[in-house]
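Inspection log for the structure reproduced underneath, given as structure tokens.
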Amino acid sequence: MKERLFLRLADDSTCGPETTVPAATLRAFPVSAPLRGHVSQVLAYRETLPAGETVTERVLPDGAVRLMFDFADSPASGPAVRVAGASTSPTVLQLSGRIEGLSVALQPGAAAALLGLPAGEIEGQALPLQALWGTEVSTLAARMAEAGSDAARAALLIAALRRRLARDASLHQQRAHHAARLVAGAQGRLSLRQAAAAVNVGERRLQQLFFEHVGLSFRAWARLSRLHACLRLIRQQAAPAWAEVAVDAGFYDQAHLANEFRALCGLSPTLFLRRGIAQSSKTCD
């Protein structure tokens, strides 16, 4: 059985260079200015696998909450529409046949405003979006399924999101978003106390804001931010010197890096390179 990787970091347009999903199967659509504070990516995907072939796809965690529309083999009730909560674990998919869909990755801090419930309540889960939005989801999904192209589907979805997010972001949402960006920009090295002071709230209140608006704990978001810093460093090196990468990315040592890699990606750094860009013969097992 084949296995492939999918990875997208905040500054990747469609996906990261480590991704081994065929590039022609993915298409990103621009996010209009009014939505950029809430939506980081709108991505369409289309692929047909050979009959009898199953592919395992490992999606590495980026900390985003996602809306997912599945148009392949839609039942009589219409396309399947789910919301996937933020996670610190990889999602492992078993793919076969025709794959056709659209996904929306939300900005950190935007989930509660869009979903209508604290984002932390769906951490690591996927549930039907109808449970949160009601019957309007089925109407929207049916219109998208009838649209003649991925671009038309994306336009319908973006218009629906704009209607739901017509109000300006609340102060709480702004603080959660700003704190999440500060932690990511500091590669996970910003303490809870420092982040809370930066957005002018107490430490306990910031933890509540992360649960409500980001969907992960402050500590989990910091761990992912450090991992993502490590992944960006690996991209810049033809043969990573793991001890140096560990220090530069904010890990205690090489063993800490390897342990966190396994915990968050389900792979050792070496196996990640072999399955992705395969740029190193050094080991960090």
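Rule-based calculations on the coordinates, nothing more; no lab input. On a predicted model such as this, the values are computed, not experimentally measured, just so you know. Note that each Cβ is placed from the backbone with ideal geometry, even for glycine, and that neighbours are counted across all protein chains shown.
Distance between the modelled labels on residue 193 and residue 127, one decimal in nanometres: 3.7 nm (7 Å Cα→Cβ projection). Counting only the backbone N, which residues of region 39-54 are under 13 Å from the spot 7 Å out from the Cα of residue 96 toward its beta-carbon? Within reach of a label on residue 96, which here means backbone N under 13 Å from a point 7 Å along Cα→Cβ, region 39-54 contributes 49-54. Electrostatic bookkeeping for residue 246 treats Lys and Arg as +1 and Asp and Glu as -1; over the other residues with beta carbon under 12 Å from its beta carbon, the sum is -3. Taking only the C-alpha atoms of the chain, the Rg (one decimal) and the largest Cα-Cα distance, Dmax (whole number), read 19.2, 57 Å.
Gain in length, residue 219 to residue 11, computed as 0.36 nm per residue apart minus the alpha-carbon separation, to one decimal in nm?
Separation in residues times 0.36 nm, less the Cα-Cα distance, equals 72.7 nm.
Taking all Cα pairs closer than 8 Å and separated by 6 or more residues, the relative contact order of region 1-141 comes to 26 percent.
Take 183-194, 37-48 and order them by the average number of nearby Cβ atoms within 10 Å per residue, most first; the result is 37-48, 183-194.
Exposure proxy ranking for 71, 211, based on other Cβ atoms within 10 angstrom of each Cβ and starting from the fewest, stands as 211, 71.
If you plug the beta carbon distance of residue 72 and residue 139 into 1/(1 + (r/R0)^6) with R0 = 35 Å, you get a FRET efficiency near 0.95.
Solvent-free Debye calculation, one equal scatterer per alpha-carbon of region 2-164: log10 I(q)/I(0) at 0.21 Å⁻¹ equals -1.75. Taking all Cα pairs closer than 8 Å and separated by 6 or more residues, the relative contact order of region 171-275 comes to 22 percent. Do you know the relative contact order of the chain, to the nearest whole percent, from alpha carbon pairs under 8 angstrom that are 6+ apart? Normalised by residue count, the contact order of the chain is 18 percent.
What is the order of 11, 62, fewest Cβ neighbours within 10 Å to most?
11, 62
Remark: spin-label model distance residue 28-residue 3 equals 2.7 nm, labels positioned 7 Å along the Cα→Cβ axis. Residues in region 134-149 carry Karplus couplings, in order, of x, 5, 4, 5, 4, 5, 4, 4, 5, 5, 5, 4, 7, 5, x, 7 Hz; the curve used is 6.51 cos²θ - 1.76 cosθ + 1.60 with θ = phi - 60°, and Gly or Pro positions show x.
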